[in-house]
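The following block contains the structure, expressed as structure tokens.
The values are calculated or read from the model by the stated rules, or taken from the named source; none is laboratory data. Computed from a predicted model, the values in this text were never measured in an experiment. Cβ: placed from backbone, ideal geometry, glycine included. Neighbour counts: every protein chain shown. Remember, those area values only see protein heavy atoms, side chains included, never the ligands or the DNA or RNA. Shrake-Rupley method; radii C 1.70, N 1.55, O 1.52, S 1.80 Å.
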Amino acid sequence: MTSLLNSIDTGHEDMIHDAEVDYYGLRLATCSSDHSVKVYDIKNGAHNLIDDLKGHFGPVWQIAWSHPMFGNLLASCSYDRKVIIWKETQGKWSKYYEYANHDSSVNSVQFAPAEFGLILACGSSDGSISILTYQSETNNWDAKKIQNAHTIGCNAVSWCPAITPEPAFDSNHVGPMQKRLVSGGCDNLVKIWKEEDDKWVEEKKLEVHSDWVRDVAWAPSVGLSRHTVASCSQDRRVVIWTSEDCQSWSSNILQTFDDVVWNVSWSLNGNILAVSGGDNKISLWKQNLDGAWKCISDVTKGQATNNEQRAL
Amino acid sequence: MEDENLKTFLIPNDLCKSAGIAGTWMSGNKIGVFPYHNINHSSKDAPSQYTKNVPSSVFHVKHEVVLFHPILRRLVTESMGIFLNLQTVVENKPSDYKQHLQQFSVQYRSVIRASLENLRDEVLRATGEERETLQNFITIFYSVECIWHLCEILYIENIPGHVVIKHLLEWVRFHFPKYERKAAFLLSGESIGSLESRQDYWETVIGCLLQGRVEVVRALLSCHSAANSTHFKLADQILKSMPTYGVYEGVSVQEFNLRWKHWLVDTQSKIDSKLFISEKNLHLMMRLIVGEEMAWSEVQSQCEAWYELLAAWLFYTEPTVKSFELGAFAKRCISRMGTRMHHLDRVLLAAMEGDVQIIKEIQHMTENGWFVTHLMDLLYHCEQLEKWQTDKEDSLKLRHSFVFEYGNTLAGHKSLWQLGLNYLDHCFPDGLAAIELLLPRVPINDESKAHRVIQEAQKRGLSHIAHSVAKIEGLKSLRNDRMGNALVWALRSQDSNFASFLADKFLKKYVDTGILPNVDLLSYLGSCMMASDRLIFLGKYYQFNKLHKDKSYREAAKALVSLIASKFTPKFFWSTLLSEALTLLECDELLLSSNDVFNLLNAVEERLDCLCELDELEPLIRLGIARNLSRALTYEAQYT
């Protein structure tokens, strides 16, 4: 049975583009076309506005929470070409770092798994991806850029979970963890990137989509070294990519939906995928024992406010 | 979306309707949904058409987990205990392993029974919506108990020759105790004398007969005022002589069948001679026990469920029926009673047919996998599951998937998470990976919870999680200005940078206030101080500080010289350290040997660049060194 836990009136003056809860699910951050980012306390079912962050001068597309090991940080990216990292001190949020080295709208921000340190990836309409790494010695952010990652623009980035590579022969020699990213863009491609000798290189180009790729999400890893990535596109398809080694990937088309698919999101342990798109539905997908992906439930819009919500 | 059983949940919001929606995951069973309409860098930079439709809200949608209701807490905890014991027994594989499994099954059932009783008590006290919820739970767990009991008989219990009728009757009696209760009341003597005048007398007699309670039937008949008449005596005689099949009674099935047929013929002839016709109920009973169709049609309405009729009918017509033959008989009873099949009926039928469908049906029960997990785990260990799957490996996979899901569900709950981990431990290897993902997400609201998370992480060798939790707690303490506590957490997190950072804080505090905070903690640092160079310095400095306070100046001086000579002194601490040195150099008693002083001088020279900030101090310290050197040299020349 499904029920509505609570509804939070954000007070945003225009559309919301992202709503993310922090690591423990105790706080909610939203961002909107009204240029603002808002943070709420949602502990115990309540919702209190903690802060209204103003610093962007354009619609704010996406937000990301850092791992609590690095304190309370929130990253946001906007049409104004900027990425802002906000920091909370004594209950107050303030601008901590601003990155303005993109030539067009920044569409996606994601913090890397905490095991790698405090690192943020940003994907922009200028086609490049920036990787910002916090240097604790100098208290500064070091930026690396993947130029021309996607022609016409990069729409989404997502990090590969930190997996310790299996020691092949010598169990005493465990290699360093490999940093990887997946990105999706207006060139209809999904690309896998890895860091090699301090540089980011393209590891794999995944071609199946026939229109702009709108979102990509690397699944949290359950199981030892199997990688799963979901991508969705304006071609109305969601593709699940799997690989053992990040070299050879097999694709599995989830379904062709009735409309453009905008978002894909994995549950915490990567066993359920939420898909939402222009058909105004959120559907939940799960892999069964035979490896096939099945829709397990829908969440969809209501007709009007005077209608009671119904669980069918 | 091939499956029509998909559940759809509607969000009551106009903006969602007109704009569209998007969702992001929160915790395990929650999703945040908000109105969403994709615009991008190429859209016109202007307020969207939806601005009028404010407010725009975020909706948190939750998948309801029945098991999280506090009233079921005991069920969840106690069944975990049984589950874990079961796993231990299975690992050790004792010789009487099968018997153990049956005991576990009974234990599970008694936990369900206890919950049901508790629910029945509570439902009387509850009101409104809560009452409805509890009533719903009762329905669910009543079904669970009923199905489990049947599965135990069919798949778990080791019944010789698969002759199940006795067990089936027990099952039916347990779930339909009405007649037994009435009979007990009637026989209690409270209404003796005019028993048959009671409206429910014959109903009870026949009810008991249907449940195979022949002894009770005879006792009830003997209370009838006509009990001494010939036809009553004859009926009693027939009931008494009715053969019953029991493996331990030393009679083979063939021999039993012979006796049974003989008794049937005998009874039938008595019925045919119309010996019971004067008492229509007695006549009906006799026709029932010889399996006369017409008679059974007359009484079947007295049965609440088809399986009640099934057990009764088999007892009198197919007493040696085998467990695997039940399916066909069940179907006949169902069509006979014209039962409209509900979910419970379908599951029971599937169980009797030994059909794999039962797994599907049980999964559809709405108690979030408690039932399917525990029963399938048990059936897997009884080697029953593999009969439904193509091979053993598949059945293991199936069992794993249930335990995994259940573990995940519990692990996502704020107070049941530890239970969830225990289940995940028993589905290797995915279980550990899931723990790795879920454990760090357990919201930590106090330190005792942090300790518990760390303990669970360490138990499973997930030290990186333990370290990260400790680090987060350390940061929290620091934010609350509890530096000692922060340092303790920093040490647990094995984060040397963090430990250094805190050590600096301690030292700075000393520079500012002249007081070293948390001296108790520092005195116990011991080998922990090896975590970082700065912490070693802090530890050593504390030792010096203590010696100085205790007026052991000579030792203090030695400690100070070694501190200064070490390369660990932070820049901001030099002036403090040198001021301390100055007091020792200028002490009346000669504390430092010429060697010490040379070392000191060397160190000062090496760090001249830091000292330039200490204009005032430099001449003083040089003077102090020179004076002490002369004293030391003179002294050493005289006495060595």
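Regarding B:T320, is this residue within 14 Å of another protein chain (Cβ to nearest Cβ) and in a loop (DSSP other than H, G, I, E, B)? Working first, answer last.
Values: within 14 Å of another protein chain (Cβ to nearest Cβ): no; in a loop (DSSP other than H, G, I, E, B): yes.
Judged against the criteria, B:T320 is not a match.
Now a separate question. Which is under 41 Å from the mean Cα position of the chain (by Cα) and part of a helix (DSSP H, G or I), of B:L502, B:L560, B:L507, B:L538?
On the way: B:L560 fails: under 41 Å from the mean Cα position of the chain (by Cα); B:L507 fails: under 41 Å from the mean Cα position of the chain (by Cα); B:L538 fails: under 41 Å from the mean Cα position of the chain (by Cα).
It is B:L502.
For the structure I just gave you, tell me whether A:D18 is under 29 Å from B:T8 (Cβ atoms), facing another protein chain (nearest Cβ under 8 Å), acidic (D, E) and open to solvent by less than 50 Å² (accessible area, probe 1.4 Å). Write out each step before concluding.
Details: under 29 Å from B:T8 (Cβ atoms): yes; facing another protein chain (nearest Cβ under 8 Å): yes; acidic (D, E): yes; open to solvent by less than 50 Å² (accessible area, probe 1.4 Å): yes.
In short, yes.
What are the residues in segment B:181-194 that are surrounded by 19 or more Cβ atoms within 10 Å (Cβ to Cβ) and over 43 Å from the mean Cα position of the chain (by Cα), if any? Show your work before the answer.
In the first step, residues of segment B:181-194 are kept if they are surrounded by 19 or more Cβ atoms within 10 Å (Cβ to Cβ); the result is B:182-183, B:186.
Within segment B:181-194, B:L186 is the sole residue that qualifies.
Looking only at helices (runs of 4 or more DSSP H) that lie completely in segment B:414-499, which have at least 3 residues being modelled with pLDDT of 90 or more and open to solvent by 60 Å² or more (accessible area, probe 1.4 Å)? Spell out the reasoning first.
Details: elements: B:417-424, B:430-438, B:447-459, B:463-479, B:483-493.
The helices (runs of 4 or more DSSP H) meeting that bar are B:447-459.
Looking at segment B:489-511, which of its residues are within 20 Å of B:P440 (Cβ to Cβ) and aliphatic (A, V, I, L, M)?
Of everything in segment B:489-511, those that are within 20 Å of B:P440 (Cβ to Cβ) and aliphatic (A, V, I, L, M) turn out to be B:A490, B:L491.
While we're here: Working carefully through the options B:L592, B:L560, B:L535, B:L578, find the one that is open to solvent by less than 80 Å² (accessible area, probe 1.4 Å), touching a residue at least 24 places away in the same chain (Cβ under 8 Å) and in the same structural domain as B:K508 (by TED's automatic domain parsing).
Details: B:L592 fails: in the same structural domain as B:K508 (by TED's automatic domain parsing); B:L560 fails: in the same structural domain as B:K508 (by TED's automatic domain parsing); B:L578 fails: in the same structural domain as B:K508 (by TED's automatic domain parsing).
The match here is B:L535.
Kindly indicate whether B:S241 is surrounded by fewer than 16 Cβ atoms within 10 Å (Cβ to Cβ), free of Cβ contacts under 8 Å to residues at least 60 places away in the same chain and either more than 56 Å from the chain's Cα centre (by Cα) or under 16 Å from B:M286 (Cα atoms) (or both).
Working: surrounded by fewer than 16 Cβ atoms within 10 Å (Cβ to Cβ): yes; free of Cβ contacts under 8 Å to residues at least 60 places away in the same chain: yes; either more than 56 Å from the chain's Cα centre (by Cα) or under 16 Å from B:M286 (Cα atoms) (or both): yes.
The answer is yes for B:S241.
When you check B:D377 against the structure, is it under 30 Å from B:V164 (Cβ atoms), open to solvent by 40 Å² or more (accessible area, probe 1.4 Å) and away from chain A (no Cβ under 14 Å), yes or no?
On the way: under 30 Å from B:V164 (Cβ atoms): yes; open to solvent by 40 Å² or more (accessible area, probe 1.4 Å): no; away from chain A (no Cβ under 14 Å): yes.
Spelling it out, it is not the case that B:D377 is under 30 Å from B:V164 (Cβ atoms), open to solvent by 40 Å² or more (accessible area, probe 1.4 Å) and away from chain A (no Cβ under 14 Å).
I've got another one for you. Go through (1) among the aromatic types (F, W, Y); (2) open to solvent by less than 20 Å² (accessible area, probe 1.4 Å); (3) not in a helix (DSSP H, G or I) and name the single condition B:F568 misses.
Failing condition for B:F568: (2).
Would you say A:I240 is away from chain B (no Cβ under 13 Å), open to solvent by 60 Å² or more (accessible area, probe 1.4 Å) and part of a strand (DSSP E or B)? Give the steps one after another, and end with the answer.
Numbers: away from chain B (no Cβ under 13 Å): yes; open to solvent by 60 Å² or more (accessible area, probe 1.4 Å): no; part of a strand (DSSP E or B): yes.
No; evaluated as a whole, the condition is false for this residue.
Determine whether B:H41 is closer than 25 Å to A:G153 by Cα, crowded, with 18+ Cβ neighbours inside 10 Å, at pLDDT below 75 and within 9 Å of chain A (Cβ to nearest Cβ). Spell out how you get there, then give the answer.
Numbers: closer than 25 Å to A:G153 by Cα: yes; crowded, with 18+ Cβ neighbours inside 10 Å: yes; at pLDDT below 75: yes; within 9 Å of chain A (Cβ to nearest Cβ): yes.
In short, yes.
While we're looking at this one, here's another question. What about A:S130, is it surrounded by 15 or more Cβ atoms within 10 Å (Cβ to Cβ) and part of a strand (DSSP E or B)?
yes
Which of the residues that make up segment A:101-126 are part of a loop (DSSP other than H, G, I, E, B), more than 18 Å from A:L73 (Cα to Cα) and not acidic (D, E)?
The first filter runs over segment A:101-126 and keeps only residues part of a loop (DSSP other than H, G, I, E, B), leaving A:101-105, A:112-113, A:117-118, A:125-126.
Now restrict to residues that are more than 18 Å from A:L73 (Cα to Cα): A:101-105, A:125-126.
Correct list: A:N101, A:H102, A:S104, A:S105, A:S125.
Another question, then. I'd like to verify a number: residues in segment B:145-178 that are open to solvent by 10 Å² or more (accessible area, probe 1.4 Å) and either aromatic (F, W, Y) or in a loop (DSSP other than H, G, I, E, B) (or both), how many?
Here the count works out to 7.
Just to verify a result, which residue in segment A:2-18, among those that are outside any loop (DSSP other than H, G, I, E, B) and of a type in the set (G, A, S), is farthest from B:G23 (Cα to Cα)?
Taking segment A:2-18 first, the residues outside any loop (DSSP other than H, G, I, E, B) are A:2-9, A:16-18.
If we keep only those that are of a type in the set (G, A, S) as well, we get A:3, A:7.
Values: A:S3: 15, A:S7: 13 Å.
The residue in question is A:S3.
A follow-up question, please. Determine which single condition B:K98 fails, assuming it passes every other condition in (1) farther than 30 Å from B:L309 by Cα; (2) open to solvent by less than 80 Å² (accessible area, probe 1.4 Å); (3) out of contact with any helix residue (DSSP H, G or I) (no Cβ under 8 Å at 6 or more places or on another chain).
That leaves (2) as the condition not met.
How many residues are at pLDDT 80 or above and either assigned to a loop (DSSP other than H, G, I, E, B) or more than 7 Å from chain A (Cβ to nearest Cβ) (or both) if we restrict to segment B:21-38?
Within segment B:21-38, residues that are at pLDDT 80 or above and either assigned to a loop (DSSP other than H, G, I, E, B) or more than 7 Å from chain A (Cβ to nearest Cβ) (or both) number 2.
One line per residue, one yes/no per condition, for (1) acidic (D, E); (2) modelled with pLDDT of 90 or more; (3) more than 20 Å from B:D355 (Cβ to Cβ):
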| residue | (1), (2), (3) |
| --- | --- |
| B:L150 | no, yes, no |
| B:I153 | no, yes, no |
| B:V163 | no, no, yes |
| B:L168 | no, yes, no |
| B:L187 | no, no, yes |
| B:S194 | no, no, yes |
| B:W202 | no, yes, yes |
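So which pairs qualify, if the first residue must be in segment A:80-100 and at pLDDT 95 or above, the second must be part of a loop (DSSP other than H, G, I, E, B) and of a type in the set (A, V, I, L, M), the Cβ gap must be under 6 Å, and the two must be at least 6 apart or on different chains?
Every condition considered, the pairs that remain are A:K82/A:A100.
Also: Looking at this structure, is B:S323 at pLDDT 90 or above, polar (S, T, N, Q) and over 22 Å from B:P177 (Cα atoms)?
Details: at pLDDT 90 or above: no; polar (S, T, N, Q): yes; over 22 Å from B:P177 (Cα atoms): yes.
Judged against the criteria, B:S323 is not a match.
Does segment A:86-105 include one or more residues that are open to solvent by less than 20 Å² (accessible area, probe 1.4 Å), β-branched (V, I, T) and within 11 Å of another protein chain (Cβ to nearest Cβ)?
No, because not a single residue in segment A:86-105 is open to solvent by less than 20 Å² (accessible area, probe 1.4 Å), β-branched (V, I, T) and within 11 Å of another protein chain (Cβ to nearest Cβ).
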